[in-house]
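Single-structure report; data block below.
The values are calculated or read from the model by the stated rules, or taken from the named source; none is laboratory data. Not measured: the values here are computed from a predicted model. As a convention, Cβ positions derive from the backbone with ideal geometry for all residues, glycine included, and neighbour counts pool all protein chains shown. Ligands, DNA and RNA are excluded from the accessible area calculation, which covers all protein heavy atoms including side chains. Shrake-Rupley method; radii C 1.70, N 1.55, O 1.52, S 1.80 Å.
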Amino acid sequence: MNTDVLIVGAGPTGLALGVDLARRGVDALVVERARALFPGSRGKGFQPRTMEVLDDLGVIDAIHAAGGPYPIGMIWKNGERVGEHHMFDPAEPSEDSPYNRAWMVPQWRTQEILAARLAELGGRIAFQHEVVGVSQDDESVTAHLSSGGTVRARYLLAADGGRSAVRRALDIGMTGGTVDPGPTLVADVRINGLDRDNWHVFPPREGDDLLAVCPLAGTEDFQVMARFPEGADVDTSPDGVRKVVAERSHITAEDVTEVRWTSDFRPRAALADRFRSGRVFLAGDAAHVHSPAGGQGLNTSVQDAYNLGWKLDAVLKGDAPAALLDSYEEERRPVAAQMLDLSTAVHRGEVRRGAATRQLGIGYRDSSLTVETRGAVDEGTVRAGDRAPDGRVDGVRLFDAFRGPHWTLLALGVDAPGRGVGAAVRVVRGGAHGAYGAYGAGLFLVRPDGYVGWAGDTPEGLGTYLERFGLGS
């Protein structure tokens with residue numbers, strides 16, 4: 001079996017890359033060792049920056065329909081409500097950031113939405129295909145399956161989780177350690193007699209630990225999370241789940257009418273020593289493992305895929321040299337390290353879930369792909385390497401202009417170059433007297449993943465930059 005890109009793992013990371021490549025017409029195959037998509041809630045929240053990514057990938061309406069905002073926390077004591085707890089610092093939507101809050105969708109539903117979008121675009125998922133080893137040469141990489149078969153591809157993405165078989169086969173280490181030595185039980189359940197308007201928190205009492213019960217938006221389920229002391233054995237059976245809920249709250253075991261999925265984990269923070277080995281790339285949990293606190297892991301993972309997709313496309317089509325793929329690790333590994341530190345700090349109560357967790361400030365100013373040709377730039381205005389904000393230019397919404405697999409040139413208050421810009425670049429012009437929000441006046445070349453690659457006051461140097469990606473005319 002041959003393909004241009006083999007994606008190992010049908011979680012959110014692998015499916016996001018599959019969608020991005022499918023809309024570009026790249027031949028890609030997603031393989032998954034399980035019989036079906038993952039059945040549990042696990043990662044259940046999207047940050048505003050990831051919502052922007054999902055908007056571009058064409059699934060934002062489905063994501064909105066499937067989920068909802070996070071509820072306010074309700075603290076309980078002895079069966080009584082004793083106070084509210086706001087999990088996230090509030091933020092108002094603005095013209096440049098239309099998605100202002102975390103949005104809850106259980107992971108299983110997210111995967112269904114991405115898989116449906118992948119199928120709509122003609123993409124493929126092959127279940128019960130377990131990759132147990134890889135080999136590669138100068139031209140291709142071969143995945144060896146547990147069945148004895150092989151899949152040959154020009155490039156491979158390992159999105160097969162924290163225990164990645166591909167990462168282990170490549171002998172890539174993980175640096176990090178335990179964030180919390182105590183294990184945590186997580187389960188999706190049905191509960192009678194508990195309202196769905198709040199995230200119910202039952203603080204530790206003598207002899208037990210924290211219990212939290214969160215209604216999962218868009219479903220009839222609740223997600224149970226129960227922490228245990230170091231060294232405890234966690235019973236993940238349905239009876240074990242019912243027991244811990246009854247022992248730590250006023251909810252009876254009989255009120256837990258159904259236990260749909262359970263798991264346990266020990267919160268860790270670990271970063272792969274490399275994100276690339278030859279023709280193989282690591283993304284998602286295969287590259288970085290987070291505490292779930294702050295909702296950074298799933299979001300960082302989807303954005304890994306989003307960063308890599310357009311680069312693979314450009315190289316596979318011959319528009320850009322293979323060296324472009326070096327920028328994946330260059331750009332994403334520092335971001336993953338930053339988000340790991342943030343997740344750990346949130347877990348330990350050192351920072352709140354605020355502006356940093358929304359991930360709108362992530363950028364690539366120091367990337368080798370970033371060129372800023374202007375001199376002094378006013379504080380607070382967009383620079384090359386920054387996320388390209390939304391806004392309106394002469395009646396055109398910028399996110400509408402960006403949506404799709406193309407590059408976009410914004411000519412704001414200055415003339416667009418008359419030649420040298422290829423047909424693969426959409427040009428949006430703003431008049432000399434317009435108001436351009438966070439941009440100000442200038443030329444801004446926006447990459448397919450929504451970051452400004454090049455910025456200038458004049459077109460000088462733009463043509464040379466475009467040639468790097470085969471975008472000149």
Here are the criteria: (1) assigned to a loop (DSSP other than H, G, I, E, B); (2) surrounded by 18 or more Cβ atoms within 10 Å (Cβ to Cβ); (3) among the small types (Gly, Ala, Ser). Tell me which single one residue 368 does not satisfy.
(2)
How many of the residues in the range 1-55 are assigned to a helix (DSSP H, G or I) and hydroxyl-bearing (Ser, Thr, Tyr)?
2
Search result, residues across the range 20-58 that are crowded, with 19+ Cβ neighbours inside 10 Å and acidic (Asp, Glu)
20, 32, 52, 55, 56
On the basis of being out of contact with any helix residue (DSSP H, G or I) (no Cβ under 9 Å at 6 or more places or on another chain), closer than 18 Å to residue 97 by Cα and open to solvent by 40 Å² or more (accessible area, probe 1.4 Å), does residue 400 make the cut?
yes
Take the conditions touching a residue at least 40 places away in the same chain (Cβ under 8 Å), open to solvent by 10 Å² or more (accessible area, probe 1.4 Å) and touching a helix residue (DSSP H, G or I) at 6+ places or on another chain (Cβ under 9 Å) and apply them to residue 198. Does it pass?
no
The residue from 295, 361, 395 that alone is out of contact with any Leu (no Cβ under 8 Å at 6 or more places or on another chain) and either of a type in the set (Val, Ile, Thr) or under 24 Å from residue 107 (Cα atoms) (or both) is 295
Those residues of the range 1-52 which are closer than 29 Å to residue 142 by Cα and of a type in the set (Gly, Ala, Ser), in sequence order:
9, 10, 11, 14, 16, 18, 22, 25, 28, 34, 36
When (1) touching a Ser or Thr at 6+ places or on another chain (Cβ under 8 Å); (2) modelled with pLDDT of 95 or more are applied to residue 126, the one that fails is (1)
For the range 348-365, which positions are at pLDDT 85 or above and small (Gly, Ala, Ser)?
361, 363
Limited to the range 205-222, what total is found for residues that are on the phi < 0 side of the Ramachandran plot and in contact with a strand residue (DSSP E or B) (Cβ under 8 Å, 6 or more places away or on another chain)?
12
Criterion (modelled with pLDDT of 95 or more, in contact with a Gly (Cβ under 9 Å, 6 or more places away or on another chain) and of a type in the set (Gly, Ala, Ser)) met by exactly one of 401, 438, 388, 424
388
Entirely in the range 377-464, the strands (runs of 3 or more DSSP E) that have 2 or more residues that are farther than 19 Å from residue 58 by Cα and without any contact (Cβ under 8 Å) to a residue 40 or more places away in the chain:
407-412, 425-430, 442-446
Please identify the pairs in which a residue from the range 265-276 that is closer than 16 Å to residue 346 by Cα has its Cβ atom under 6 Å from the Cβ atom of a residue that is surrounded by fewer than 16 Cβ atoms within 10 Å (Cβ to Cβ), counting only partners at least 6 apart or on another chain.
268/178
